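The values are calculated or read from the model by the stated rules, or taken from the named source; none is laboratory data. Computed from a predicted model, the values in this text were never measured in an experiment. Using ideal geometry, Cβ is built from the backbone for each residue, glycine included, and neighbour counts are taken over all protein chains shown.
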Amino acid sequence: MEGIPDGDQALTTVLLVPGFTGSGPDHWHSHWQRAHPEYARVEQRDWDHPELGEWMVTLDRKISGLGSDVVLVGHSLGCITIARWAERATRGVVSGAMLVAPSDVEAETAPPEVRGFAPIPMSLLPFPSLIVSSENDPLVTPARARSFARAWGGRFVSIGEAGHISTASGHGPWPEGHVMLEALIASHARTPRARR
């Protein structure tokens, strides 16, 4: 993978996991994939009417076809999908996850379309994780985002007042985020996590 000097880590596959309504052409997911065509992406049948069971099956099938060293990059509802998938995952092929702006599907203000993804798992993820959040995200409070990171056993990073870290908040290419991804990939081999 470009920018990763270690030969062993060159086998890492990055899998982008969009959230509710998908990641449009100006979203940082799409910018990253255009810059790195080797990145894979989950494609759900219906981005606007998410169903937990279907989304988890689609994610599981995509992961199973990618090999043995997969780093997930979720945004918003994609993060919650990853956490729910990890509860039932039987294959240890995921070596890390970058979870950006995880949406609080349990909040009273959550869109009704995403409430079926509740409850949010509050247990240790079976792989190293990085949770990136904002201090003024309309879909999750800072306290809730921090509680997710603690429960999931991940490293928490706040990038200040950055909204939902999406196209609407001005995060197009978001090169700073890609630097965080590269650092996660470079470090995950040194910080293995035993499966539950």
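Considering only segment 115-158, how many residues are assigned to a helix (DSSP H, G or I), in contact (Cβ under 8 Å) with a residue 40 or more places away in the chain and among the small types (Gly, Ala, Ser)?
The qualifying residues number 2.
Conditions: (1) surrounded by fewer than 21 Cβ atoms within 10 Å (Cβ to Cβ); (2) at negative phi; (3) not in a helix (DSSP H, G or I). PRO50 meets all but one. Number of the miss?
The single condition PRO50 does not satisfy is (1).
Failed condition for ASP46, given (1) under 26 Å from ARG144 (Cβ atoms); (2) modelled with pLDDT of 95 or more; (3) over 15 Å from the mean Cα position of the chain (by Cα); (4) charged (D, E, K, R), with all others met?
Answer for ASP46: the failing condition is (1).
Pairs only if they're at least six apart or on different chains, beta carbon under 7 angstrom, first in segment 62-89 and at pLDDT below 95, second among the charged types (D, E, K, R); list them, first residue then second.
Correct list of pairs: SER64/ARG91.
Being more than 21 Å from SER187 (Cβ to Cβ) and in contact with a Leu (Cβ under 9 Å, 6 or more places away or on another chain) is the filter here, so list the residues in segment 88-112 that pass it.
ALA101, SER103, ASP104, VAL105, ALA107, THR109, ALA110, PRO111
Out of the residues in segment 90-112 meeting the condition of being assigned to a loop (DSSP other than H, G, I, E, B) and touching a residue at least 40 places away in the same chain (Cβ under 8 Å), tell me which one is nearest to TRP28 (Cα to Cα).
In this case the residue turns out to be ALA101.
Of the conditions (1) farther than 25 Å from SER30 by Cα; (2) at pLDDT below 95; (3) not hydrophobic (A, V, I, L, M, F, W, C), ARG115 clears all except one; give me its number.
The single condition ARG115 does not satisfy is (2).
So how many residues does segment 163-176 have that are surrounded by fewer than 21 Cβ atoms within 10 Å (Cβ to Cβ) and under 24 Å from HIS36 (Cβ atoms)?
Going through segment 163-176 one residue at a time, the tally reaches 8.
Only one of GLY65, GLY116 is surrounded by fewer than 19 Cβ atoms within 10 Å (Cβ to Cβ) and touching an Asp or Glu at 6+ places or on another chain (Cβ under 8 Å); which?
Unique residue meeting the criteria: GLY116.
Counting only residues that are out of contact with any Pro (no Cβ under 6 Å at 6 or more places or on another chain) and closer than 12 Å to ALA83 by Cα, which one in segment 132-152 is surrounded by the most Cβ atoms within 10 Å (Cβ to Cβ)?
TRP152
For segment 31-40, check the following and say yes or no: at least one residue is touching a Pro at 6+ places or on another chain (Cβ under 7 Å) and in contact (Cβ under 8 Å) with a residue 24 or more places away in the chain.
yes
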